[in-house]
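Input: a single structure, listed below in structure tokens.
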Amino acid sequence: MSEMRLPSALHAAPGSGAELLSELGLVLYCGAGIIFIVVVALALHATFAKPSPAGTRAWIVGGGIVFPLLTLFLLLNYTLAVGSAVAALESGTALQLLLDCFGIDAQKRIPPPSPGTMRVHVIGKQWWWEVRYEIVRGDTSTAVLANELHLPVGEPVELLLTTTDVIHSFWVPSLAGKVDMIPGRTNRLILRANTPGLYRGQCAEYCGGQHALMALYVKSQPRREFETWLQRQARSVTRPDDAFLLAGYEAFFKGTCPDCHTVRGTPATGKSGPDLTHVGSRYSLAAGTLRNHVGTMAGWIAGAQDIKPGNAMPDSEIYTGRELRALAAWLGSLE
Amino acid sequence: MSLRALIAAATLVLTARQSSSDVPHRITGDVQRGQQTIVRLECGVCHVIPGIPGARGRVGPSLAAYRRNVYIAGRYPNLPEVLVRFVRDAPSLAPDTAMPSIAMSEREARDIAAYLYSLE
């Protein structure tokens, strides 16, 4: 878990919506560059060449009306086509034609969600992400985690994005464009990656003091690996047998931890903080702020306010050194 | 100040540092690698460590001027081999410590200790 190789956020993952957006950006930048050069050349020509009245009208009509109209018409359709392909709209005939016109082939389009499409609810919170997988349609309570999303390679996954406090924006630059999370609304985003990989996402709408420390990881992995992972996430935990881990389990209930956190299978059913049932399996702690190992876990429990000042988790200062180590070890063992 | 005077002053400072670093804090570790390992393991979550960006934790003691500490955790003599062991597996020395045993190699622990001994 400690070794993470992340691609640059500027690199669009193959088969993702970000790839189409990145092509769109390239067309716009290159097109604007070419037009700029032509305009400068014409301005220099007009300044230095000998004046000749011939063809004035053609230049004005051609360069001033026909050219911008044609360019803008093409660009508008192209951006609409990209938008449709990324947003996974149902492909009607007219839309199909538009997409085909601009060379956006079926391979690149994000397919519209079918009844079998995996649905994941992502809820923005200050300052972390709650992630709920719908293993059974309509049931969001069996696999709940935080700050991490897994996708099966090559398959579209439908995200339902909302928030319980302020506006956030879900953004994984390598996979798709930004989609806002707005109180009282649910926005949709389809994510797909055609190659296995780990990507980093970031809240892209200022949401308060620790907005910069609100990140998440997205992992795309082969279908079978994904299913094993998801089944494990849905499992409850049991009271540990090992004496040291048991001391950690008891420390969890000695403190105020269960008031805010759920650990499925135990009496801890707090709702306001992240579900910790499988916290040991996550890449990061505190929403992409820290790597996840026993040292950072202990440091986060005892010093959450140093690391992310103002976040909802208080510094836990009631534990003896041994209890803190045991608690960190028990949480780390929940994989 | 002339160049010669500058060189003389620099030599004086360097030799003075040399003599103070001979005993007893001699350790075979790489200071720079130690710094990188401290960043990677995020020791700064719990400790204030000069030279490590963002290392301002208050859970454990500050490690500023660590070389001058006489005791590790206020209890064990601050000797290289003791420090290496404490960095890697504190509970094996001090069962009541809050500092967990952190997964790292012997070499990484030596590098970290070397970095700590570079803090004067």
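The values are calculated or read from the model by the stated rules, or taken from the named source; none is laboratory data. Computed from a predicted structure; not experimentally measured. When we count neighbours, we look across all protein chains shown, and the Cβ atoms used for this are built from the backbone with ideal geometry, even at glycine. Heads up: the accessible areas ignore ligands, DNA and RNA and are worked out on the full protein's heavy atoms, side chains in. Shrake-Rupley method; radii C 1.70, N 1.55, O 1.52, S 1.80 Å.
Could you check how much of the accessible area of chain A is carbon and sulfur, as a whole percent, using a 1.4 Å probe?
Answer for chain A: carbon and sulfur cover 63 percent of the accessible area.
Note down the relative contact order for region A:19-129 as a percent, whole number, built from C-alpha pairs under 8 angstrom at least six residues apart. If you can, show how the numbers build up before the last one.
Details: 37 pairs, mean separation 27.0, N = 111.
Once divided by the residue count of region A:19-129, the mean separation gives 24 percent.
If I compute solvent accessible area with a 1.4 Å probe over the protein chains, what percent of it on region B:26-117 is carbon and sulfur?
Of all accessible area on region B:26-117, carbon and sulfur atoms account for 55 percent.
For peptide A:316-323, what's the mean number of Cβ atoms from other chains within 10 Å of each residue's Cβ? Write down the numbers at each step before the final one.
Working: counts 0, 1, 0, 1, 3, 11, 6, 2.
Per-residue shielding by partner chains comes out at 3.
Among the GluC sites (Glu not before Pro) within region A:79-154, which fall in a DSSP loop and have no more than 16 other Cβ atoms within 10 Å of their own Cβ?
When the GluC sites (Glu not before Pro) of region A:79-154 are filtered for loop state and at most 16 Cβ neighbours within 10 Å, A:Glu90 remain.
Going by a ≥ b ≥ c, the root eigenvalues of the Cα gyration tensor, does region A:243-333 fall in the rounded group (a/c under 1.5), the prolate group (a/b larger than b/c) or the oblate group?
Note, shape of region A:243-333 comes out rounded.
On average, how many beta carbons from a partner chain sit within 10 Å of the beta carbon of a residue in B:48-57?
1
Based on Cα coordinates alone, diagonalise the gyration tensor for region B:26-117, multiply each eigenvalue by 5, take square roots, and list the semi-axes in whole Å, largest first.
In descending order, the three semi-axes are 17, 15, 13 Å.
On a C-alpha basis, how far is the centre of region A:264-335 from the centre of region B:24-76 in Å? Whole number, if you could?
Centre-to-centre (Cα) distance: 23 Å.
Leaving out ligands and nucleic acids, note down the accessible area per residue over chain A with a 1.4 angstrom probe, in whole Å².
49
Within 15 Å, Cβ to Cβ, of A:Ala268, how many net charges do the neighbouring residues add up to if Lys/Arg are +1 and Asp/Glu are -1? Each step should come with its number before you reach the end.
Numbers: positive: A:Arg239, A:Lys254, A:Arg264, A:Lys271; negative: A:Glu250, A:Asp259, A:Asp275.
Every neighbour counted, the sum reads +1.
Over region B:26-117, give the accessible area per residue in Å² for a 1.4 Å probe, as an integer. If you can, show how the numbers build up before the last one.
Details: 4620 Å² over 92 residues.
Dividing the accessible area of region B:26-117 by its residue count gives 50 Å².
Could you tell me which of the pairs A:Lys219/A:Lys271; A:Lys219/A:Lys308; A:Lys178/A:Lys271; A:Lys125/A:Lys308 are separated by over 21 angstrom between their Cα atoms in the structure shown?
Result: A:Lys219/A:Lys271; A:Lys219/A:Lys308; A:Lys178/A:Lys271 exceed 21 Å.
Looking only at other chains, what is the average number of their beta-carbon atoms within 10 angstrom of each beta-carbon in B:58-65?
Taking the mean over all residues of the peptide, I get 3.
By average Cβ neighbour count within 10 Å, what is the ranking of A:42-55, A:242-255 from highest down?
Output ranking for A:42-55, A:242-255: A:242-255, A:42-55.
Express the relative contact order of region A:281-334 as a whole percentage, based on alpha carbon pairs under 8 Å and six or more residues apart in sequence.
This gives 34 percent for region A:281-334.
Given a 1.4 Å probe and no ligands, DNA or RNA in the count, how much accessible surface is buried by B and A, both sides, to the nearest 100 Å²?
Counting protein atoms only, the buried area is about 1400 Å².
From the Cα gyration tensor of region A:17-101, with a ≥ b ≥ c the square roots of its eigenvalues, which class applies: rounded if a/c is under 1.5, or else prolate if a/b is larger than b/c, or else oblate?
Working: a/c = 6.18, a/b = 2.29, b/c = 2.69.
Oblate, because a/c is 1.5 or more while a/b does not exceed b/c.
Between beta-carbons, use under 12 Å as the cut-off and find the net charge around A:Ser220, counting Lys and Arg +1, Asp and Glu -1.
+1
Give, rounded to the nearest 20 debye, the magnitude of the charge dipole that region A:155-245 has about its Cα centre when Lys and Arg contribute +1 at Cβ and Asp and Glu contribute -1 at Cβ.
Value, rounded to 20: 200 debye.
Scan around A:Ile190 for amide H atoms under 5 Å from its own, H built in the peptide plane at 1.01 Å from N, and keep only partners 5 or more places away or cross-chain.
The list, which skips near neighbours in sequence, is A:Leu159.
Taking a ≥ b ≥ c as the square roots of the Cα gyration tensor eigenvalues, with a/c under 1.5 meaning rounded and otherwise prolate when a/b beats b/c, else oblate, which class fits the protein assembly as shown?
oblate
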